[in-house]
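Following: one structure in structure tokens, then a few remarks.
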Amino acid sequence: MREPVLPAGTVRIGGFGGTEGLRKWLADNAIDAVVDATHPFAGTISSHAADAARVGGVPIVHLRRPGWSEQPGDRWSRVPDLAAAAQAVTAFDRVFLTIGRQGVAAFAELGEPWFLIRAIDPPTGPVPPQHLLLLARGPFTVAQEIDLLREHRISAMVTKDSGGDLTAAKLTAARRCGIPVVVVDRPPVPEGVECTESVAAAWEWLNAR
């Protein structure tokens, strides 16, 4: 992201050099505990953090907000990954991709559907031959999302199950418009890592140590 919204405190931007690099950083900085509060789809760094904490003997908890739940009137199809999502939309003519810039390449070989691709930053890899790129940062209101769906005559939506309230308006809009939604499931939490769903619970975990 070119202009990320940064939290208070010391911020490091960039990788650690894999599991070993992160393990060394934890040791060099005398870290007592790790709260993995990365995006639900940041599977690689979560795996590295779990392995580095285990090898270094550092307690770790994974903070993952709850995913979205299907509501009455929703027309959802859950799929395990973006490749499966690409297969699921081949029958639709106008598809709204709201998955961020990463992963758009999974749809690049689909020549028949037209795609509306919304992201904060442009995709860096291949994109579908028929598409419109909309660079925009939310949150968006339900009314704005309904207008977008109607303006571009969207017949299906693809989203990741990121959870949270800030980006849920698109799901309400799809429900009200009767549009099918392909929902990509999250990667699993690394094996053996305790998981909590709220910042308050993560604080309780830290205070217990």
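Remarks
- Using a probe of 1.4 angstrom and keeping all protein chains present, the accessible surface of the chain works out to 56 square angstrom per residue.
- Radius, Kirkwood style, for region 1-114 when every pair of distinct Cα atoms is counted (Å): 17.5 Å
- Charged-residue dipole, Cβ positions (Lys, Arg, Asp, Glu), region 92-175 about Cα centre, Debye nearest 20: 120 debye
- Low-density loop positions, GluC sites (Glu not before Pro), region 111-209 - DSSP coil, at most 11 other Cβ in 10 Å: 191
- Within the accessible area of region 164-209 (1.4 Å probe), percent carbon and sulfur: 53 percent
- Just the protein heavy atoms count here, and of the accessible area of region 12-89 at 1.4 Å, carbon and sulfur take up 53 percent.
- Karplus-derived HN-Hα couplings along region 50-62 (A = 6.51, B = -1.76, C = 1.60, θ = phi - 60°), whole Hz, x at Gly and Pro: 5, 5, 5, 5, 5, 5, x, x, 9, x, 9, 10, 9
- Scanning residues 5 or more positions from residue 134 or on other chains, those with amide H under 5 Å from its amide H are 117, 118, 119, with H placed 1.01 Å from N in the peptide plane.
- Listed options for volume of the Cα convex hull per residue in Å³ are [x] 173; [y] 138; [z] 111. The value calculated from this structure is the one marked [y].
- Per DSSP, loop trypsin sites (Lys or Arg not before Pro) in region 37-139 with at most 12 further Cβ within 10 Å: 137
- Estimated [θ] at 222 nm from DSSP helical runs (n ≥ 4, -39500 (n - 2.57)) normalised by residues in the chain, nearest 500: -8500 deg cm²/dmol
- Choice from 100, 178, 14 with maximal GNM fluctuation in the chain (Cα, 10 Å cutoff): 14
- Over region 82-145, volume per residue of the alpha carbon convex hull, in Å³: 86 Å³
- Calculated on the alpha-carbon coordinates, the convex hull of region 9-71 measures out at 106 cubic angstrom per residue.
- Under 5 Å, built H, 5+ apart or other chain: amide partners of residue 34: 60, 61
The values are calculated or read from the model by the stated rules, or taken from the named source; none is laboratory data. The structure displayed is predicted, hence computed values, not measured ones. Heads up, the Cβs are rebuilt from the backbone with ideal geometry, glycines too, and the neighbour counts pull from every protein chain shown. These accessible areas exclude ligands, DNA and RNA; they are computed on the full protein's heavy atoms, side chains included. Shrake-Rupley method; radii C 1.70, N 1.55, O 1.52, S 1.80 Å.
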